[in-house]
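The values are calculated or read from the model by the stated rules, or taken from the named source; none is laboratory data. Note that this is a predicted model, so its numbers are computed, not measured. Neighbour counts are summed over all protein chains in view; Cβ atoms, including those assigned to glycine, are modelled from backbone coordinates with ideal geometry. Calculation scope for accessible area: heavy atoms of the full protein, side chains included, ligands and nucleic acids excluded. Shrake-Rupley method; radii C 1.70, N 1.55, O 1.52, S 1.80 Å.
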Amino acid sequence: MMKLKLYILTVLLSFSGIAIAQIKFEAKVSKKTLGINERLRVDFQMNQDGDNFSPPNFKGFTVVGGPNQSVSNSWINGRRTYSKVYSYFLEPQSKGKFVINQAVIVINGRTYKTTPIRVTVVAAVDKPKDGNNSDIVANENLHLVAEVSNKNPYLNEAITVVYKLYVSQRISVSNWREIASPKYSDFWSQAIDTKQLRIQNGQYDGEPYRYVVLRKTVLYPQKTGKLNIEPLALSIAVDVPTNRRDFFGQPLYTTVDKTVAAGNTTINVKPLPEQGKPANFTGAVGSFSFSVRPSRTQLDATESLQTVVEVRGNGNLKLFDLPKLTVPSGLEQYEPERSEKVRTNLSGMGGSISESYTLVPQYKGKYPIPAISFSYFDLKTKRYKQLNSNEIIIDVAKGPDAGNTAVPSNNGTVNKQLVTQSGKQFRFIKQKTNLQPIEAEYFFKSVGYWTALTLPLLAIPLFILFGKKQQQLANDVKGNRIRKADKLAKKYLSEAKKNLGDQEQFYVAMERALHNYLKAKLHIQTGEMSKDRIGRLLRERSVNEETTVAFIGLLESCEFARYTPSSRSAMQQDYDKASNVIAGIDKQITTV
């Protein structure tokens, strides 16, 4: 009997060992040596379904596609064959030798890891080829370009950057989203509203293309030397034709996720010449006119007038200082009020800036306001120009004499005048008063004394009630979670609510809110994550299917709404739905 038990145990252990040995989890690459302008496909394949798949960090590469998941399940002669594959498409960041580290998965309660794979990245090849033909077609027929009007400007000279997406006739674009915004370090920048995207016909490398202007920006360099503009990057769903045909002979399309970037752009900024630079130059660059205008030149003492110092024209209007107005001591001068009437288009800033001074004469007489000058660098002549205002005489007809107050004359000398007493110098000082003595009042046994004594005693019951209320709130776990979830939803969707009625801005803000919520809640990066993976992560955190589907549906609504008209009521419905979905996830989620 004992021998029989040992035999059965041995057989069971053998079968279990065979079952364990049959589980496979391995990594495969499309090639182990590739050019820096090629792409690498990495497949993580298993022959049994598993849980908690965790890919490596792909150090040295940028993930441009995936994870794409495929499952094969077949029965041949009564024998089941199962295969599940997670695929990634990678772009190398530099030349060198890299390692695709281990991926991890749990199958039947046991943890399995792939074997690391070494990959060598060499110089660019003439014709990149890999196993993903659709990806090559998308790569060759889709281009994001940053067109710079002038790569060698002067300091504070306007340049424009126009971002265009070129699409060949051989493919089509479903939708796109921005994954990296351009950064204009050391530039003053102003985005120009494109309002509505319009498809235009043009050429790229001599071939006919369609293109869309995505963004226009005006830049004013604030430093000299080589300045870098970091690129705009987009994630685009590209529909690529395949070799297969439908029933009517039309080609079938496959969708490829493609990441495109405009590329880094270097701007070489020239300094302004030192030769001929005026002493009062404050950085104005462009073409300007200059004026100093008083609202009136004849008035009485204690009346006011406005004097406006204005620069008008085209150039860096918001980026320099106006010359200061100087007036005689007999004119009281207040801080100027600045006004800017500036418009910005592809040629740069245009309009006017001004400072309005309020002046109040104190005595009668003639007050000369000296001429002031304004200088700027003219981009057409490449020279400095200086503009001068005219001298202004303010004639004060009525008022007290200036006495011995110094008043500048027209020729710049100072005239001394005799002080005359009018007898009214102290008319604002009250000489007769009605002062009353204040009787001494003791605090002890006063109303304030008894109030200060009894108030702490009366406050004790209030503190007890407040403490009990706080304890009840602390014990109300479910209520606290609901309140916290509602507050979180309002926090992330506040920007979207501000843009209700503006379709484009509303859906951009709502999509950003949904992604930021996932980043904060699940500690993940969603920039390169598909909707399938987002759904799987939510399910893994015990979020029910209805809420998960609603969240994915909102992301799709944000994508489609950019290209289809939407009413304010529809935006309100999407906002309410997003608020409920975020609150629902926050109440259900198990991992924070």
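For this structure, a couple of remarks:
- Scanning region 353-379 for residues that are of a type in the set (D, E, K, R) and at pLDDT below 95 gives LYS364, LYS366.
- Residue check for VAL119: part of a strand (DSSP E or B), touching a Leu at 6+ places or on another chain (Cβ under 7 Å), over 21 Å from ALA233 (Cβ atoms) and not aromatic (Phe, Trp, Tyr): yes
- Number of the condition not met by ARG110 [criteria: (1) more than 30 Å from PRO55 (Cα to Cα); (2) out of contact with any Lys or Arg (no Cβ under 9 Å at 6 or more places or on another chain); (3) of a type outside the set (Val, Ile, Thr)]: (1)
- Residue within region 296-316 that is among the basic types (Lys, Arg), assigned to a strand (DSSP E or B) and open to solvent by 50 Å² or more (accessible area, probe 1.4 Å) present: yes
- Flag if SER94 is at pLDDT below 85 and in contact with a strand residue (DSSP E or B) (Cβ under 9 Å, 6 or more places away or on another chain): no
- Contacts under 9 angstrom Cβ, first residue in region 320-348 being on the phi > 0 side of the Ramachandran plot, partner part of a strand (DSSP E or B) and open to solvent by less than 40 Å² (accessible area, probe 1.4 Å), 6 or more apart: GLY348/ILE159; GLY348/THR160; GLY348/VAL218; GLY348/TYR220; GLY348/GLY286; GLY348/GLY315
- For region 330-342, taking the residues that are more than 37 Å from the chain's Cα centre (by Cα) and over 23 Å from ASN388 (Cβ atoms), the one that is least open to solvent (accessible area, probe 1.4 Å) is identified as GLY330.
- Subset of region 189-225 (residues that are under 13 Å from ILE267 (Cβ atoms) and not aliphatic (A, V, I, L, M)): SER189, THR217, TYR220, PRO221, GLN222, LYS223, THR224, GLY225
- Cβ pairs under 9 Å, 6+ apart, first in region 40-65 and surrounded by 20 or more Cβ atoms within 10 Å (Cβ to Cβ), second outside any strand (DSSP E or B) and among the aromatic types (Phe, Trp, Tyr): VAL42/PHE58
- The set of residues from region 14-37 being part of a loop (DSSP other than H, G, I, E, B) and modelled with pLDDT under 80 comprises just one member, ASN37.
- Restricting attention to region 255-269, the residues that are assigned to a strand (DSSP E or B) and out of contact with any Ser or Thr (no Cβ under 7 Å at 6 or more places or on another chain) total 7.
- Selection status of ASN175, open to solvent by less than 30 Å² (accessible area, probe 1.4 Å), farther than 26 Å from LEU272 by Cα and either of a type in the set (Lys, Arg) or touching a helix residue (DSSP H, G or I) at 6+ places or on another chain (Cβ under 6 Å) (or both): yes
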